[in-house]
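First the structure, in the form of structure tokens, and then the observations on it.
Rule-based calculations on the coordinates, nothing more; no lab input. Because the structure is predicted, anything quoted here is derived from the model rather than measured. Counting neighbours? That spans all protein chains shown, and the Cβs are built from the backbone with ideal geometry, glycine included.
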Amino acid sequence: MTPDQLRWDIHYMASGDEVGSLWRELKSTRQRRILFICGAGFDPRALAAVSALIEVGVDIVECRLIEFGSGSGLPTEEDLSRAERHRSHLKKMFAENSLKPITITTRNPEGRSTGGINISAEFREAQNYVGYTDVVVDITALPAELYFPLIGTLLAIWNSSSVQSLELGNLHTIVCDNPQVDSMILPEGGDKAELMYGFTGTVQRASIGDPIPIWAPVLGENQGEHLQKIAEYHRPQVVAPVLPFPARAPRRCDHLLLEYRSLIFETWDVDPSDIILADEQNPFDVYAKLCAFASDYKESLSPIGTTQMIVSSHSSKLHSLGVLLAAWERRFGVTHVQPTGHVVNGSFGTEHEKGELFDVWLAGEPYA
Amino acid sequence: MKDSLAEALLGQVMEWGETDLTTSNTLLSLQMLASQKYDGYERFRPGRKFIESLANWLRQFRTVDERRTALEFVQRRLLFISNDEMEQLVGILYPKVIRPIVRHYVSNKLGVPRYAVRRIENDLEFARVRRQSLFLGLSDGARMDEFRRSNRDLSTEQVYATYEVSEPRLDEMRSQLLKEQEQNDGDSSRFELVFLIDDFAGSGKTILREKDGVYQGRLKRFSDLLSSDSSTESSVFSGPDTEIHICLYVATKQAVDHLNQAIESYTKVAVWNCPPQVHFVQLLDDSHRIEPGDEPAFCALLDDYYEDAIEDEAKQIGGSSSKFGFAECALPLILSHNTPNNSVSLLWAPSPMLALFPRFERHAQRKA
Amino acid sequence: MAQNPFRLRASEQATIEDQFLSLVGPDALDLLPKDQLWDRLVIIESAPGAGKTTILRLLTPPSLRLLSRLKDQDAYRLLSEQLTDLGALTERGPAVVGILVNCREQYATIQDLPVDEQVQIRWFFGLLDARLTLLTLRSILALYGLSYPRDAHRIEFLPNENATIVSQPVNGAQLYDEASKAENNLTDSLNSLMGVTDVSADLSVGLQLPRTLHTSDILVDGKPLQQRVLLMFDDVHELTLEQRLALRRDLERRELTVARWLAQRSQAVEATEPLAFARTEGRDYAEIQIEEWARTTRRGQRFYSLLDEISNRRILRAQVGVETLEACLLTTLSTDREFERANDAKTIARRSAVDSVRGHQKFDEWIQGTLEAEATTADAFEMAIDWRKLSILMSQRLGRRQLPLDIPLAVSEFENRDSSSIRTAAELFLAKEHRLPFYYGMKRIRQLSSWNIEQFLRVAGDLFEQVLASVTLSRGSVSQLTATQQDTLIRAVSRHRLSVLPKEVPFGEDVQRLVTAIGKFCQLETFRETAPYAPGVTGVGISESDVTRLREAAQSSKQPMLQRLSRVLASAIANNVLEVRPNVNVKGGTWTVFFLNRLYCPEFDLPLEYSGYKERVGIDRLALWTASGFDGQTLRLHQ
């Protein structure tokens, strides 16, 4: 691959009803043996993907349920009972020995984020994925500080030359997208910006002379404080906000510009030509746009220094996946502010348990 | 006019005396959206910009309350698709919509699963089908030049600004195609896929409409071309097997529904075997419509300040007055190169008041 | 509308040095103790946004070089003089080469690796040492205007008389290669998604660089480096407790001749040491607490001058024909509506003062005196305050258990009680009762800063935004913001800051609940008719034994309510939501007082002085407030 060629230039993604038909088609080609990885969180959409697969009738041989104590945050009664409900549903769906809970501590007693280190270590053994036709990671109910290192680790395994001899199957990520639910879950607090474990790029390396930090935050609502913390952390010389367009609500772009007007145009003094538009419904568009942007800047600034691309995601999980892929492939630094918990604005009903499913296929048959 | 003068003018029109949080915020928001988006409206006469146009537009309302209603409407509902946003839609039409269609077509021919994307794209058949696809603009707004430039995979010989192709041009297309495909050992010299591209469909009636059993519109005209072509020996298209795809950068749900329905009934009498499919990049659902129930105050202004004089023949096709826009689409939409006549009249109609976003009338031009 | 200069990157973020220098005022340097800077460990503490990073950055080569070039320009003269005074600058140029290393989380992560503790601490020192070495090379090259890393070979470390063992000169390029290799190895391994590889074999416990600097002379192009080397460690609170202690121990070594400063947030607060206010006495290091420096009465005024200077520098940049923020703000009532309200307030205050003591001759002279004053003054607002003040004083008298006989009190006695705090209380009462503006004028806007520059800039920026809007709307002429405009805006900012707490700080919902409860409680205490803590109550105090209980509860899960409270207090303090004053001695006891950050006061109509707080609130009550909000109970029983 040349530096400008994108690993996922050709890619496959199914959305909405296509997800069901994709899996029916997969089932018809050969017997599936699926390893399903998902979170046991309070997100009402937690069961949407697994239910959809079971409905298709594919064989989920094993389900790894990631239990992540919010560490120090205090979940509400309602959150706890919903998480418990999800757990008992899953127990009904799977035979006892095929449901494997895995506990990941996301904060150590001193309050530091440890989710990344722990989840990466837990899922690092390549041998564990042999014998499955498909490994499916449902990130719907996982926080970014867990699914970034998790998917990063899996991509590293699938990509590693030392495991070429192993027969690894398909690697999918699934996400249930529902902007309404996203807007109801507000992250609480988070006192500092930090680099995501495994996604540090070359940020902070003192051996690099005159690094030029360039930061592309993928914008979503209600993130002003987190954005400021990240900006203070990196003191970027170029800020390139990524806005969702096209989008379900095409005015969303305007709303975000208005919400962050002062930050974008005053504090960061963003050059309007550095504003990046990316398809809200397509992680591969975010991915392609970020990679292209970084290459352009790297090339044009090469006479005066080394650019250091930093990305952060403040938007939907779908957009975050694009950020993840770009960061993983191009070694961008990923920065985030880990919240201490979540505030649910309103209360969830059955309409919040569903959404549009996206199967983002990362490795395996499409790329053969 | 200088920006600061335009802002002072606006303040006077709105009778903002003492500033408070709301006025300074309104001013800053308008200022930002003006410089980021609205000032790029191509139909503003040279030197005139948004804030000035806004102040002059608002001034025409008789009372300050009416002006507040109108300003608040602009802030809350106006949907302006900027040139950058349009470019983004043009840029992703090919990867998001067209490339998967071509792949799907090839996967059926090859009998491989459609998710085997790399296999499909690496197959010679894919290159052949891609070259035997024709891209035609349905109007000036289709930005076919830009479309071609953003897709290096396409040849200049397969992208045309207009769907009304002259016979000599058709001959030329064919011979060019023949020449290229012979070099590639291709066995066909006809276009198998046709993509009809347009920037916007509000009602869909310009593309296809029926009155008393008679079909009219651009798709009808293309269908005529197709049938006359298939009756010649040296036909350019694949006759009734030609797959037709209508691709819209922006479409309302109303237009998509109308087109699907109109195409279905037209297919009964049309030349093609399988009905053309409608695709879009940015959908505007019904929530964008300006309904009297949601916007009583602004709709009262529409009633008060509407004049029948702006009716003309073209609008009669829409089947109603254009107070709520052509075919009562009731849109708050402005495209950076022009305002669709499907938008509510107060935004663009030249009388009885000066328009906020003056519209360039194609029909009027033609008559003159 | 012109660009708002307050919204430009804050000084801590400024990247272009001259912009940065023009944004920071020189007064900030006053807090550095001139005689203790270079020979011992210096610890600088502050809340986020108070400007410690700004100060450290001043001493790095790019800033000092620039300053030395611009030292004769008016804007920089004072700053250069101060730096010269401190010994950081001379006529010939920089006298210090400051090496700034940030201690953010990459180091702390080391301690989460699945390797044993000894290896962890070696990794920590290994990485820090590699970075320090690289940054030292970079800073020296920057001082000479050379290119990093290209010119590293022009630096040489030559063993000097301090060297105890015979060693060879080391070339900068060689040092660069070794250090960058170590940095790459350690960070790669630290962040590898495929697992760590042990690279700690040749790492030692402790920093090597300070020792190298101690035992070598540095040559650049063969000539000795003239400047004093200063190692600056920023954001030390980001390290783990073990790392912090190890680093402190390492840097406290007296035999080190290299200057070294540590900067960290006040009270490095963590779950395990949530209220570690205790300080080691008899220490071998100098400690500077920026807020403490700022609020020490003698210097408070200077802090305010600093705020003025910073804001005025920014305002000049807007170029709208105004030079100071103060000039944009009206300091008296001015609109018809304000006058109308003041008049109503005066009438009502007079009536209720007169009515409340009907039948007590005791206050006749006071009332008479005030009536006479009213006859000669046209200022309705001042008179309203006088009347309201009178009511408060009379209630205080009436509230006493032993009412002396009804002998009229002399006017002089009234005037004696005419303290500014009662006056402020009266103004506050009137503001609440008659919707008169209270939060306006430069003094109160400075008070709203809570000794934090960043916070001040935000508020000043909001105000200036409105000035800019009115400049625009009036086509260029600068009009001042009225008292009501200022008051409305500040109340809105206060409300907004409170409402976004859950999003902004850890355990934000709890913090918001606690702060709201404290605010409401203070409001109840403040607006009692006798104004017992005039001008009002803005904080709560807990006893020493409560502090101990809280510290114990923090470390075990036996008392979940208190554990939760300790965490919430820690977050609130670390994020400058509550300001803590340990060891306040009053009423025969020692208290730890938590004041509301001043920015939350307007939401509860509270004064901005730190005068009043309510002790004996007790942590159980605070824990209850944290869990379920304010219960509406005052503390009358404990009076």
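Can you tell me how segment A:36-135 classifies by the Cα gyration tensor, rounded, prolate or oblate, using a/c under 1.5 as the rounded cut?
Details: a/c = 2.58, a/b = 1.25, b/c = 2.06.
Oblate shape, in that a/c is at least 1.5 and b/c is the bigger or equal ratio.
Taking Cα centroids, how far is segment A:255-334 from segment C:561-639 in Å? Value for the Cα centre distance between the two parts: 43 Å.
Given 25 °C and 0.890 mPa s, compute D for segment B:1-58 with the Stokes-Einstein relation, Rh being the Kirkwood radius over Cα pairs; round to the nearest whole µm²/s.
Details: Rh = 11.6 Å.
In µm²/s, the coefficient rounds to 211.
Taking amide H as placed 1.01 Å from N in the peptide plane, C:Y613 has its amide H under 5 Å from the amide H of C:T538, each at least 5 places away in sequence or on another chain.
Assign one of three labels to the protein assembly as shown, namely rounded, prolate or oblate, based on the Cα gyration tensor with a ≥ b ≥ c the square roots of its eigenvalues; rounded applies when a/c is under 1.5, prolate when it is not and a/b is larger than b/c, and oblate otherwise.
oblate
A cut-off of 5 Å between modelled amide H atoms, ignoring neighbours fewer than 5 places along the same chain, links A:I66 with A:C38, A:G39, A:A40, A:I102. Sequentially through segment B:4-18, phi angles give Karplus couplings (6.51, -1.76, 1.60; θ = phi - 60°) of 5, 5, 4, 5, 5, 4, 4, x, 6, 4, 8, 6, 7, x, 6 Hz, Gly and Pro residues having no value and appearing as x.
Neighbour counts of C-beta atoms inside 10 Å place A:T106, B:T156 in the sequence B:T156, A:T106, starting with the fewest.
Can I get the semi-axes of segment B:1-152's equivalent ellipsoid? Compute them from the C-alpha gyration tensor as square roots of 5 times the eigenvalues, in angstrom, largest first. Present the calculation step by step, with values, prior to reporting the outcome.
On the way: eigenvalues 498, 49, 30 Å².
In descending order, the three semi-axes are 50, 16, 12 Å.
Please average, across the residues of C:495-508, the number of beta carbons from any other chain that are within 10 Å of each residue's own beta carbon, and give a whole number. The partial results should precede the final answer.
Details: counts 0, 1, 0, 0, 0, 3, 3, 9, 12, 10, 6, 12, 8, 11.
Neighbouring Cβ atoms belonging to other protein chains average 5 per residue here.
Dividing the radius of gyration of the alpha carbons in segment C:432-530 by their Kirkwood radius gives 1.04 for Rg/Rh. Counting Cα-Cα pairs of segment A:81-128 in 10 Å increments starting at 0 gives whole-percent bin shares of 22, 34, 37, 8.
Can you give the direction-averaged projected area of the convex hull of the alpha-carbon atoms in chain B, in nm²? If you can, show how the numbers build up before the last one.
Working: hull surface 85.6 nm².
Taking the Cα atoms of chain B, their convex hull projects to 21.4 nm² on average.
Across all directions, the average flat footprint of the convex hull enclosing the Cα atoms of segment A:230-292 is 4.6 nm².
Working note: 222 nm ellipticity from helices only, DSSP H runs with n ≥ 4, each -39,500 (n - 2.57), summed and divided by the residues of chain C, gives -15500 deg cm²/dmol to the nearest 500. Straight-line reach from B:K2: taking Cα to Cα under 21 Å and skipping same-chain neighbours fewer than 8 places apart, the lysines in range are B:K37, B:K49. Extent of segment A:104-203 along its three principal axes (Cα atoms, max minus min coordinate, largest first): 45, 32, 26 Å. What list do you get for C:R491, C:R513 if you sort them by fewest beta carbons within 10 Å? In increasing order of surrounding Cβ atoms, one gets C:R491, C:R513. Remark on chain A: Rg and Dmax equal 20.0, 61 Å (Cα only). Angle of helix C:297-318 to the longest C-alpha principal axis of chain C, folded into 0 to 90 degrees and rounded to 10: 80°. Here's the list of lysines a cross-link from A:K229 could span, going by alpha-carbon distance under 17 Å and ignoring same-chain residues fewer than 8 apart: A:K192, C:K52, C:K503.
Per residue of C:132-140, how many C-beta atoms from partner chains lie within 10 Å of its own C-beta, taken as a mean? That average works out to 2.
Counting only the Cα atoms, segment C:158-255 fills a convex hull of 148 Å³ per residue. When you restrict to C-alpha pairs under 8 Å that are six or more residues apart and normalise by the size of chain B, the relative contact order lands at 16 percent. Straight-distance candidates among the lysines for linking to B:K220, with alpha-carbon spacing under 24 Å and chain neighbours fewer than 8 residues away dropped: B:K205, B:K211, B:K253, B:K268, B:K315, B:K367.
Could you please rank B:H279, C:H214, placing first whichever residue has the fewest other Cβ atoms within 10 Å of its Cβ? Before the final figure, lay out the partial values.
Details: B:H279 19, C:H214 16.
With the sparsest Cβ surroundings first, the list reads C:H214, B:H279.
Quick note on segment A:306-368: its Rg to Rh ratio, both from C-alpha atoms and Rh being the Kirkwood radius, is 1.08.
What are the DSSP H helices in chain A that stretch 18 Å or more along their long axis, judged by alpha-carbon atoms, and whose average Kyte-Doolittle hydropathy comes to at least -1.0? Numbers along the way, then the final one.
Numbers: long enough: A:17-29 (19 Å, -0.82); A:77-93 (24 Å, -1.88); A:144-159 (22 Å, 1.17); A:283-301 (27 Å, 0.06); A:317-330 (19 Å, 0.41).
Span-like helices here: A:17-29, A:144-159, A:283-301, A:317-330.
Enumerate the whole-percent occupancy of each 5 Å bin, from 0 to the last occupied one, for all C-alpha pair distances of segment C:111-183. Calculated P(r), rounded to whole percents: 3, 15, 20, 18, 17, 12, 8, 5, 1.
Taking the convex hull of the Cα atoms, report for segment B:93-249 its projected area averaged over all directions, in nm². Present the calculation step by step, with values, prior to reporting the outcome.
Numbers: hull surface 40.0 nm².
It is 10.0 nm².
Counting partner chain Cβ atoms within 10 Å of every residue's Cβ in B:3-11, what's the average?
Numbers: counts 3, 7, 3, 1, 5, 6, 2, 2, 6.
Mean shielding by partner chains, rounded to a whole number: 4.
Estimated translational diffusion coefficient (Stokes-Einstein, Kirkwood radius over Cα pairs, 4 °C, 1.567 mPa s) of chain C: 46 µm² per second.
For chain C, what's the relative contact order in percent, using C-alpha pairs closer than 8 Å and at least 6 residues apart? Intermediate values should be presented prior to the final figure.
Working: 1033 pairs, mean separation 97.2, N = 639.
Rounded, it is 15 percent for chain C.
Need the C-alpha centroid separation for segment C:80-140 versus segment C:58-77, integer Å. That distance is 22 Å. Name the shape class, rounded, prolate or oblate, that the alpha-carbon gyration tensor gives for segment C:496-579, where a ≥ b ≥ c are the square roots of its eigenvalues, rounded holds for a/c under 1.5, and otherwise prolate holds if a/b is larger than b/c and oblate otherwise. Oblate, since a/c reaches 1.5 and b/c is not below a/b. Helix C:619-628 axis versus longest C-alpha principal axis of chain C: approximately 90°, rounded to the nearest ten.
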